[in-house]
């Protein structure tokens, strides 16, 4: 099974950490270059989040069609899918606010974007944890024959 989703989501989780560092550095130094760097990082994360969402939808469809998930994980997969759209929406909003902060040289928008980056970081880390749970707890994307065989062997013991 060819899965494209995981490589993209790692960027969506990691880039907000770097953006937060850059935004925090801007507040300390007042050097606009750090604010612009945070904007570019968030913008790149937004672009990659679109790829993560598209690949996630395709991968979820493959997972469901091939039964590459244990039954208890189906609702978790659905929740993960819906919450992924919230991550994308927060990235879009953060990018827009960050753009206003730079273009209007507004301290208020810089403060709001700082808060949004923190929210983005928390939400993306939660979503990453949710995705990890899908793989490691519910065997999403993994051939279930292996999981089922292990479960049967454990029940025999």
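The values are calculated or read from the model by the stated rules, or taken from the named source; none is laboratory data. This one's a predicted model, so the numbers in the text were calculated from it and none came from an experiment. Note: ideal-geometry Cβ built from the backbone for every residue, glycine included; neighbour counts use all protein chains shown.
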Taking the stretch 14-52 and keeping residues surrounded by fewer than 19 Cβ atoms within 10 Å (Cβ to Cβ) and either in contact (Cβ under 8 Å) with a residue 60 or more places away in the chain or under 13 Å from residue 131 (Cβ atoms) (or both) leaves 17, 20, 24, 27, 32, 36
Do we have any residue at all in the stretch 107-116 that's modelled with pLDDT under 95, touching a helix residue (DSSP H, G or I) at 6+ places or on another chain (Cβ under 7 Å), at negative phi and surrounded by 22 or more Cβ atoms within 10 Å (Cβ to Cβ)? no
Count - residues of the stretch 56-106 that are in a loop (DSSP other than H, G, I, E, B) and surrounded by 15 or more Cβ atoms within 10 Å (Cβ to Cβ): 3
